[in-house]
1. Report, to the nearest 10°, how far helix 6-17 tilts away from the longest principal axis of the Cα atoms in the chain, using its own Cα long axis and a range of 0 to 90°.
2. Under a plain spin-label model, where a point goes 7 Å from the Cα along Cα-to-Cβ, how far apart in nm are Phe67 and Ile4?
3. Put +1 on the Cβ of every Lys and Arg and -1 on every Asp and Glu Cβ in the chain; which of Phe21, Asn49, Gly38 then has its Cα farthest towards the positive end of the dipole?
4. Hand me the tally of lysine pairs in the chain: alpha carbons under 29 angstrom apart, and the pair either on different chains or 8 or more positions apart.
5. Given only helices, namely DSSP H runs of n ≥ 4 each adding -39500 (n - 2.57), what is the per-residue ellipticity at 222 nm of the chain, to the nearest 500 deg cm²/dmol?
6. Pairing the Cα long axis of helix 39-51 with the longest principal axis of the chain, what angle in degrees results, from 0 to 90 and rounded to the nearest 10?
7. Using the basic label-point model (7 angstrom from Cα toward the beta carbon), what is the Lys75 to Leu87 distance in nanometres?
8. What shape does the chain have by the C-alpha gyration tensor, where a ≥ b ≥ c are the square roots of the eigenvalues, rounded means a/c under 1.5, and otherwise prolate means a/b greater than b/c and oblate the rest?
Amino acid sequence: MGGIGKITIARAIYEKIYTQFEGCCFLANVRERSQKRGLDNLQVELLSNTLKDGNLNVGISNTRINFVKDRLHSKKVLIVLDDVDNLE
């Protein structure tokens, strides 16, 4: 469904409430960016932004899953993903 300003509304709500969370990330244009840079790159960006850690170095996907469990399991986080067309 295009053209009704969904992303504008989502961004406005995000900007209004993100301070209520311990971590947050707003990733726009996920489909396009994943095609250009790959899902691994987007996952690292999401984790980096959410954890506020610019030097995040998380390797293999299996290791990343354990890392996420360890670092985020007890945190209140807000993650908004724009333009996701595949649950992969």
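Any read-out appearing in this document is the output of simple, stated calculations on the displayed coordinates, not a laboratory observation. Computed from a predicted structure; not experimentally measured. Positions of Cβ are generated from backbone atoms using ideal geometry, with glycine treated the same way; all protein chains shown enter the neighbour counts.
1. Relative to the chain, helix 6-17 is tipped by roughly 60 degrees.
2. Using points 7 Å along Cα→Cβ, the separation is 3.8 nm.
3. Most positive-ward Cα: Phe21.
4. Number of lysine pairs found: 14.
5. Value at 222 nm, helices only: -15500 deg cm²/dmol.
6. 90 degrees
7. Label-label distance for Lys75 and Leu87, simple model: 2.6 nm.
8. Judged from the Cα gyration tensor, the chain comes out oblate (a/c at least 1.5, b/c at or above a/b).
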